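S.K.: Pasting in a structure now, in structure tokens, and then I'll have a few things to ask.
Each value in this text was obtained by applying a stated rule to the coordinates, not by laboratory testing. If you're wondering where the values come from, they're calculated on a predicted model, not measured in any experiment. Note that we place each Cβ from the backbone using ideal geometry, even for glycine, and neighbour counts take in every protein chain shown.
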Amino acid sequence: MSSPESTIHSFIIRIWAEEMAERGEQLLLRGHITHVPSGAKTYLKDLDDILAFMVPYVKVMGINEGRPPE
């Protein structure tokens, strides 16, 4: 039997908006996500990058990567 810690993944997500100087008022999403147990980190350009980073971790747990219905 596996311990609960082996089936739990924690992530830290930091998101902020950056204004593009050449386009005036347009804001871009920026950020990064860190997988706490491994320290793996990637930078974000949009919210879809969050899911893309998390999918490999949840697949190992047997969770479907599909998005829930809206």
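S.K.: Using 7 Å Cα-to-Cβ label points, what is the Asp49/Ile8 separation (nm, one decimal)?
M.R.: The modelled label-to-label distance comes out at 2.8 nm.
S.K.: Averaged over all directions, how much area does the convex hull of the C-alpha atoms of the stretch 4-60 cover when projected, in nm²?
M.R.: Averaging across all directions leaves 4.3 nm² for the Cα convex hull.
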